[in-house]
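I have placed the structure first, in the form of structure tokens, so that the comments after it can refer back to it.
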Amino acid sequence: MIAKDKLPFCPPETDVLAGRKLGSQVSRLSSGAEAEPYYPELCEAGLIRTMREDWIEPSITDKVRILEDLREPGAKQVHVAEKFGISKSAVCHILKMNDNIMKEYENSTNQGRKRQRDGKEAEVGDALWLWYCQKLAQSAHISRPVLKQKATQLAIERGKEFNPSDGWLNCWKTRHNVVQRKEHDKK
């Protein structure tokens, strides 16, 4: 009998036991060493370890739908996992984070996001968002340079040395679902 820690992996393309396609990943043993050659007889006998599928992260909206499905009488985590194409452990984790997900859903400006990340200088980003909302309420046109200038000003007011880059501004706009369009001259 082969020791469990010496078992090779099935090839990365297929998981013979589950009959599903996997991502192209390097096969490694738990010790970190590369796997030995592929042994089909061990795969078929169930004496082989297989690699996990690529992780699927549902959006905030999908997580809320998953929670709603779990609230139905007689709902089982396995059935919900199959319906949304995620693992049972992912469904369990979503159920565990129920309160955080609902708060995030209610407060989020971009519900298509998968994770809540604040990015660098979150305090400046939040202050810029409040200022942006006030200006939108006044029907003001806000350009990219104006946003960067205001972010710099807000950072200085908070005693921070922060010079917003184009990348930071792009991430901020994506986080808050801000879309800016060029105004065309009227003829």
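Once Rh is set to the Kirkwood radius over Cα pairs, what Stokes-Einstein translational diffusion coefficient, in µm²/s, holds for region 122-175 at a temperature of 10 °C and a viscosity of 1.306 mPa s?
Numbers: Rh = 11.3 Å.
For these conditions, the coefficient is 141 µm²/s.
Provide Tyr132, Tyr105 in ascending order of the number of other Cβ atoms located within 10 Å of each residue's Cβ, fewest first. Don't skip to the end; give the middle numbers.
Working: Tyr132 20, Tyr105 14.
Listed from fewest to most nearby Cβ atoms, that is Tyr105, Tyr132.
If amide hydrogens are placed 1.01 Å from N in the peptide plane, which non-local residues have theirs closer than 5 Å to the one on Phe162?
none
Return Ile101, Ile66, Ile86, Ile156 ranked ascending by Cβ neighbour count within 10 Å, so the fewest neighbours appear first.
Details: Ile101 18, Ile66 24, Ile86 21, Ile156 12.
In order of increasing Cβ crowding within 10 Å: Ile156, Ile101, Ile86, Ile66.
Listed here are the pairs Lys63/Lys103; Lys96/Lys173; Lys120/Lys148; which of them are more than 20 Å apart at the Cα? Show your work: numbers first, answer last.
On the way: Lys63/Lys103 12 Å; Lys96/Lys173 30 Å; Lys120/Lys148 14 Å.
Listed pairs above 20 Å: Lys96/Lys173.
Can you give me the three principal axis dimensions of region 60-107 from its C-alpha atoms, in Å, biggest first?
Over region 60-107, Cα extents along the principal axes are 29, 21, 16 Å.
Any idea how far apart Ser165 and Gln138 come out in nm if each label point goes 7 Å out from Cα toward Cβ?
3.1 nm
Throughout, read-outs are computed from the coordinates displayed, never taken from laboratory work. Keep in mind it's a predicted model, so treat the numbers as computed, not measured. Note that we place each Cβ from the backbone using ideal geometry, even for glycine, and neighbour counts take in every protein chain shown.
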